[in-house]
Amino acid sequence: MLAVVTGAGVRVGRAIAVALADAGYDLALHANDNITAATDLAAEIAKKGRRTSTHKADLSDPLQVERLVNELRERYPSIDVLVNSASIYVEKPFAEIDAAAYARMQQINLASPFFLTQGLLEPLKRSASPSVINIVDIAAERVVPRYAHYTVSKAGLAALTKALATELAPTIRVNGVSPGLVAMPVNWSESTKSGALGRIPLQRSGAPEDVAKLVVFLAREATYMTGQIVAVDGGWSAAL
């Protein structure tokens, strides 16, 4: 079995790749700025007896997305799982979001999952049980001030998940995972972190591994689930 994971170098993407390897999948790991971390991860996964490959691409560039698709299609005639995890999260007041910043956010967070899934349809269809899993965000429904372009991109990814689930059925299952606070943003102050934790019913942050466990479940066990977006947020979205 083979899984493709974008944004696999660090944080949530890395945890997903490790969990899938532990579940018996070989891995094709994508990264861009964190390609060195992805290469190190590939070596770590290889020690578990899994086959690995690494693929560098800047997902803000449509031509590099196309190149990544071609690389994967040439190397892997069959793909069992595609996890669209790569994304960017940039704080910027609405009045300061220019066309370039908006376009970059949408290209990485929404357009690249769209065209990676489209480009990999044929190898996915050759799998006995193909699955696409999009890493969304509770921000798709919970508006975060100063992140309007990010919120729009994740809301679009949630809509894309449901659209593809209906259009690609019954061959390919498409689901989403919607994390809450599972990896603290590096630029958050202690007071911001404390305020966020106070709004979470479980009163604590999660971990990337919490997302990874659900990804494995959706890939292997949830054979009668498609079009679903499952929150992993300690109850944050329920308390809104």
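Computed from the coordinates by the stated procedures, all read-outs in this text should not be read as laboratory data. Please read these numbers as outputs of a predicted model, since none were measured by experiment. For neighbour counting, all protein chains shown are included, and Cβ atoms are generated from backbone atoms with ideal geometry for every residue, glycine included.
Annotations
- Residue order, fewest to most beta carbons within 10 Å, for Lys125, Lys47, Lys56, Lys162: Lys47, Lys125, Lys162, Lys56
- For a label point 7 Å along the Cα-to-beta-carbon line of Ala238, residues of region 168-196 with backbone N under 16 Å: 178-181
- With the simple model of a label 7 Å out from the Cα in the direction of the Cβ, Glu66 to Ala99 spans 2.1 nm.
- Mean ellipticity per residue at 222 nm, deg cm²/dmol - from DSSP H runs of n ≥ 4 across the chain, formula -39500 (n - 2.57): -13000 deg cm²/dmol
- Note on the chain: GNM, Cα springs under 10 Å; of Ser131, Ser205, Ser189, the largest mean-square fluctuation is that of Ser189.
- Taking region 155-198 and a reference point 7 angstrom along Cα→Cβ of Val10, the backbone N atoms nearer than 14 Å belong to 183-188.
- Once both labels are positioned 7 Å from their Cα atoms along Cα-to-Cβ, the gap between Ser129 and Asp58 label points is 4.0 nm.
- Extension gain for the segment Asp33 to Arg142, taken as residue separation times 0.36 nm less the Cα-Cα distance, is 36.4 nm to one decimal.
- Highest average packing first - 15-22, 179-186, 152-159, Cβ atoms within 10 Å: 15-22, 152-159, 179-186
- Our coupling estimate for region 86-95, obtained by passing each phi through the Karplus curve with A = 6.51, B = -1.76, C = 1.60 and θ = phi - 60°, is 4, 6, 10, 9, 10, 7, 6, x, 3, 5 Hz, Gly and Pro reported as x.
- The Cα-based radius of gyration and maximum Cα-Cα distance (Dmax) for the chain are 17.1, 51 Å.
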